[in-house]
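Colleague: This is the structure, below, for whatever I ask next.
All of the numbers you see were taken from the coordinates with simple rules; none came from a lab. These figures come from a predicted structure and were not determined experimentally. Reconstructed Cβ throughout: ideal geometry from the backbone, glycine too, with neighbour counts over all protein chains shown.
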Amino acid sequence: MPLRIARSALVDPRASVHDDAEIGPGCVIGPEVRIGRGTRLDRNVCLLGVVSLGEYNTIGSFVAIGGDPQESSLQRTASGVEIGDHNQIAERVTIHRGTEKGDGLTRIGSHNRFDDGSHVAHDCRIADGVSIGIGTMLAGHVHVESDVTVGEKVGIHQHVTVGTGSHVGGHSKITRDVPCFMRVEGNPPVVRGVNGQALKARGCTSESLGALNEAHRLIFVVRMNIVQAATELDDRNLLTPEVLVLLKFLEAQQEGSVGRGRYRRKSS
């Protein structure tokens, strides 16, 4: 299939664009951009700097990818954005390039959805199967693990990790790590329970779901510490793979500072 580029698009001849890609009217494609098979850019999309788009992505109107980070100490070092396959990026989404404070890349995996007006800041890591709601803002160095749903107009603080299989309710202010498989919402954020509906959809057994519910009760309702909860769960044969993932996540969070596992405490 021949490459389809609208007449009003500005595509640098040094860019690498697959023959099966589509570039809409008013798009601006820089010299260090790579666009894979089947990826479609709607109107007025701007790809700046080092940007790699994989296969079969859909990019909505007025999206900007690869722009400068909103970082006051930014050095003009080489950095970029790397995006996988089968992502849906809606209108007016912004995704900033990485910095030397990370490893120079903002990374997004595959099969993700970014709704209208959402923002992914520098050095973020988004895994696979993630849904980001309308107007949601991810600050720098946020990590979102696989199969996460984030509601609309959520603000996520820098260095936060959102654990796999979790759900963040709309209009929440997230300043601490979001535990795996949990539903979290509010300002300040509160763990409301297990993300049961999503877990069932991904094939979680009733036994594993029951074990997670009990882990939630012991840790977030009874307020046992992690060691006590792990001991009781072990005594009752409830240390399923999902519970072990949750406990490991919470241990890492506890080792960090201000509720963020990757935000390490300063040595005294």
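Colleague: Defining a contact as two alpha carbons under 8 Å apart and six or more residues distant in sequence, what relative contact order in percent does the stretch 45-137 show?
Modeller: 25 percent
Colleague: Right, next: Using Cα springs under 10 Å in a Gaussian network model of the chain, which residue among 81, 160, 258 shows the largest mean-square fluctuation?
Modeller: Result: 258 has the largest fluctuation of those listed.
Colleague: Moving on. With +1 on each Lys and Arg Cβ and -1 on each Asp and Glu Cβ, how big is the dipole of the chain about its Cα centre, in debye rounded to the nearest 20? Display every interim value, and only then the final one.
Modeller: Values: 30 positive and 31 negative charges, 115 e Å.
I would put it at about 560 debye.
Colleague: Under the rule of -39500 (n - 2.57) per DSSP H run of 4 or more residues, summed and divided by the residues of the chain, what mean residue ellipticity at 222 nm is obtained, to the nearest 500 deg cm²/dmol?
Modeller: Helices in the chain give a 222 nm mean residue ellipticity of -4500 deg cm²/dmol.
Colleague: Compute the separation of the alpha-carbon centres of the stretch 1-62 and the stretch 121-145 and state it in Å as a whole number.
Modeller: Spelled out, the Cα-based centre of one part sits 22 Å from the other.
Colleague: Also, I was wondering about something else. For the stretch 199-264, would you read off the P(r) tail past 18 Å as a percentage of all alpha carbon pairs?
Modeller: The proportion of pairs with Cα distances above 18 Å equals 38 percent.
Colleague: Something else now. Looking at the stretch 87-223, what % of its DSSP beta bridges pair antiparallel, to the nearest 5?
Modeller: 15 percent
Colleague: Take the alpha carbon atoms of the stretch 84-135, find their radius of gyration, then divide it by 2.2 N^0.38 Å using N residues; give the quotient. Intermediate values should be presented prior to the final figure.
Modeller: Values: Rg = 10.7 Å, N = 52, 2.2 N^0.38 = 9.9 Å.
The reported ratio for this selection is 1.09.
Colleague: Which whole-Hz ³J(HN,Hα) couplings does the stretch 79-86 yield from phi under the Karplus relation 6.51 cos²θ - 1.76 cosθ + 1.60, θ = phi - 60°, glycine and proline marked x?
Modeller: Using θ = phi - 60°, the values come out as 7, x, 10, 10, 10, x, 10, 6 Hz.
Colleague: Dipole of the stretch 199-264, Cα-centred, from +1 at each Lys and Arg C-beta and -1 at each Asp and Glu C-beta, to the nearest 20 debye?
Modeller: Roughly 380 debye, rounded to the nearest 20.
Colleague: While we're looking at this one, here's another question. By DSSP, what percent of the beta bridges with both residues in the stretch 4-141 are antiparallel, rounded to the nearest 5? Spell out each step's value before the answer.
Modeller: On the way: 0 of 40 bridges.
Given both bridge residues lie in the stretch 4-141, the antiparallel proportion sits at roughly 0 percent.
Colleague: In the Gaussian network model of the chain, springs joining C-alpha atoms below 10 Å, which of 18, 122, 141 carries the largest mean-square fluctuation?
Modeller: Result for the chain, Cα springs under 10 Å: 18 fluctuates most.
Colleague: Can you compute 3J(HN,Hα) from phi for each residue in the stretch 178-186, using the Karplus curve 6.51 cos²θ - 1.76 cosθ + 1.60 with θ = phi - 60°, rounded to whole Hz and x for Gly and Pro?
Modeller: The phi angles translate into 9, x, 3, 6, 9, 9, 10, 7, x Hz.
Colleague: Of 249, 218, 263, which is farthest on the positive side of the dipole of the stretch 199-264, counting Cα position, with +1 on Lys and Arg Cβ, -1 on Asp and Glu Cβ, and the Cα centre as origin?
Modeller: With unit charges placed on the Cβ atoms, the residue in question is 263.
Colleague: Another question, if that's okay. Given 0.36 nm per residue, what is the gain on full extension from residue 43 to residue 68 after removing their alpha carbon distance, in nm?
Modeller: Here the answer is 6.9 nm.
Colleague: Mean separation of Cα pairs under 8 Å and 6+ residues apart, divided by the residue count of the chain: what relative contact order is that in percent?
Modeller: About 8 percent, as a whole number.
Colleague: Next question. I want to verify a result. In a Gaussian network model of the chain, Cα cutoff 10 Å, which of these has the top mean-square fluctuation: 14, 37, 192?
Modeller: For the chain, modelled as a Gaussian network with Cα springs under 10 Å, the answer is 14.
Colleague: Rounding to the nearest 20 debye, state how big the charge dipole of the stretch 88-134 is about its Cα centre with +1 on each Lys and Arg Cβ and -1 on each Asp and Glu Cβ.
Modeller: Details: 6 positive and 7 negative charges, 12 e Å.
The calculation lands at about 60 debye.
Colleague: Moving to a separate point now. Could you please report the charge total around residue 93, scoring K, R as +1 and D, E as -1 over all other residues with beta-carbon less than 9 angstrom from its beta-carbon?
Modeller: That works out to -2.
Colleague: Restricting to the chain, compute how many DSSP beta bridges are antiparallel as a %, nearest 5.
Modeller: Antiparallel: roughly 10 percent of the beta bridges in the chain.
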